[in-house]
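So the structure is just underneath, and the comments pick up after that.
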Amino acid sequence: MRSGHLPPLAMDPDSSISIVQDANVPTPSTGQAGDASTAVFDGIPKAPSMRFAKANSPPLLDQRSTISPVICKLPLELVSYIAELCLLQSYSGEEHMKALYSIRMTSRIWRNGIDSTPSLWGVVTTKVPLHVNTTAVERSGTCPLDIYVTPYTSRSNRTQADQYRGILELAAGEIGRWSTVTIWLPSYDDCSRYLTSPAPLLQKLSVSSGHMHKPAAPIALFGGIAPRLEALEVERLHMDWTSIRGLKVFKLSSMNEEQISIQQVLDILASAPLLETLCIEDSTLDHPLQPLQIRPVVIQLPRLQTINLQGRDVQVTNVILSSIRAPSCTTLAIYGLGGDTANEPNFPERALGHFNNFQRLTLSDNNNSIIHISDYSMQWESRSTSFNRLKFDVSIQCSAPAIGVGWATRVIGLGAQELVHDLELHLSHETLDDEDLAAYDSFSRCQSITRIVIEDDHVPTGQILDLIGTWRESEDRIGPLPAFPGLRSLALASWDEWTLDDLEVLVDRRFGGREDFLDEKVPTLCIVLQNLYPDDVPSPELDLIQLQRLRAATGVGGVTLEFAKHSQGMLAVVYDDDTGL
């Protein structure tokens, strides 16, 4: 609901302000009127811990002689406004109620002002006792209510379970005033009992059901009467979707194919031109065997900013991304696509093609990205910071590295069309066939790749090192350039497929006899030798003289050893007086 902490009140911390007795609030132990200075409800700090309560000050009967005149003269409307500003920083129902009761204990004037302002009391939450919620509902009058009903655990005692049920009944009795609701219901019967009455003021609903299987019939949510509903989050709920229209936020989680179909999702999207957030996580949506049976119409979503699709059904993702157009997209997150890795069409390149311009714009804005490629999957993430408005993270399975590498090459572009930025490439392969090597050969023409990390999963390192040392005509015909012409760092975590001799050959092929190109076109190369898992892969014994020779070679900016555990007797620093290295 709201976030932050209660700001300090504008008063002298040494003034004689104390906690006054509240005859209107029942105590948690007896349910009768009691002393608010002792405890208002479970979890509320006692008065001596308040920063604005003077230690050891007696209860005050004459408030005018003890409270600051400035506070005494504040009109009730201003007190209510100050309290409203403080509560804007509360991020949950529990925090709201604690903050409200804390502010309320400032003085009798403040208490009266807060108690007479119904809009401050519009919260019901299972995080505070039932009697506190009952008081809040009574004081809120006819104002809209925010409901926060969270699940009780299997370890909850009978009293806690009864309190949950009591608060749920209290909230259900005020369904006509629901505004923002986060609710967990343990069974289908509870969903049918509490979620089928009209909710004319409801704007935001997050509902989760403990029921995992399809019931006899879908629930008619609020009887189809929730005209102001604009944000809907649903987890494990079988419901009638025909009345869901005009959303701004639509999120599904842990849904199965019996609870919603891909066609129903598309219908909801088509009815929501103002949609801003679309999120489908860990859900299996029902869809026909032939994707062409699904709505072919393109859905324009001009305000859609966040797209988050997580699941193993590549066809669902294909259909959704192919069906929507989101020119205002700022966040694209695609995770965990699976399916038959032997079937190349499973890779959703055509669907992702609608977001190529967004990805290029993001790369231009962030100037940084990282790609992880293995034999059966790839992940491409823009290195976004808090200052970057745009970001994407695409993690998908593919039947061969050539497919993912080819897609990345086409998005970034080559030659004059390349979107040049800092790209870090992580490789983790067991084998590379001719198609894979051809794809990498084309990808190696990108100037954006500034760092390559060859990881320790039996990577055919020799083939990659051979490619890095290759020279050929550049894409823009300005002269010959090496593969990965922007490469500045090469990190090797695999020790099975190369030797220091191989690195010397690489350096000689990449830089030897081409001094004229180095300063102008080809950056120097820093080589990093890693062993982050010494218990699994023993650190090799490296020839220090050969390391010095490699470090002193033309084009080498440095050789660094990054070992999690160094061999006994290994020199920490080697210095050559002749070369100064």
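For this structure, a couple of remarks:
- Here the Karplus curve 6.51 cos²θ - 1.76 cosθ + 1.60, taken at θ = phi - 60°, turns the phi angles of the stretch 370-381 into couplings of 9, 10, 10, 10, 10, 5, 10, 7, 8, 10, 10, 10 Hz, with x standing for Gly and Pro.
- Net lengthening on full extension, residue 158/residue 544 (0.36 nm per residue, minus Cα-Cα): 131.9 nm
- Derived scalar couplings ³J(HN,Hα) [the stretch 271-278; Karplus, 6.51 cos²θ - 1.76 cosθ + 1.60; whole Hz; x for Gly, Pro]: 8, 10, x, 9, 4, 10, 9, 10
- When DSSP beta bridges are restricted to pairs lying wholly in the stretch 114-184, around 0% turn out antiparallel.
- Residue 410/residue 361 FRET efficiency (R0 25 Å; Cβ-Cβ; nearest 0.05): 0.95
- Cβ-Cβ FRET estimate between residue 435 and residue 552, R0 fixed at 56 Å, reported to 0.05: 0.90
- Where N is the number of residues in the stretch 354-396, Cα Rg divided by 2.2 N^0.38 Å: 1.17
- Net dipole in debye of the stretch 374-426 [+1 Lys, Arg Cβ; -1 Asp, Glu Cβ; about Cα centre; nearest 20]: 200
- The accessible surface of the stretch 407-470, taken with every protein chain in place and a 1.4 Å probe, is 43 percent carbon and sulfur.
- Computed packing ranks the peptides 175-185, 118-128, 78-88, 502-512 as 118-128, 175-185, 502-512, 78-88, most packed first, by mean other Cβ atoms within 10 Å.
- Electrostatic dipole magnitude of the stretch 74-226 [Cβ: Lys, Arg +1; Asp, Glu -1; Cα centre; debye, to 20]: 240
- Once backbone amide H atoms are built at 1.01 Å from N, residue 426 has 371, 372, 373, 453 as its partners under 5 Å, excluding neighbours fewer than 5 places away on the same chain.
- In order along the stretch 323-336, phi translates into HN-Hα couplings of 8, 10, 10, 10, x, 9, 4, 10, 9, 10, 10, 10, 10, x Hz, rounded to whole numbers, per the Karplus curve 6.51 cos²θ - 1.76 cosθ + 1.60 with θ = phi - 60° and x for Gly and Pro.
- Label separation (residue 383 vs residue 495): 2.7 nm, computed from points 7 Å beyond Cα along the C-beta direction.
The values are calculated or read from the model by the stated rules, or taken from the named source; none is laboratory data. Please read these numbers as outputs of a predicted model, since none were measured by experiment. Reconstructed Cβ throughout: ideal geometry from the backbone, glycine too, with neighbour counts over all protein chains shown. For accessibility, only protein heavy atoms count, side chains too; no ligands or nucleic acids. Shrake-Rupley method; radii C 1.70, N 1.55, O 1.52, S 1.80 Å.
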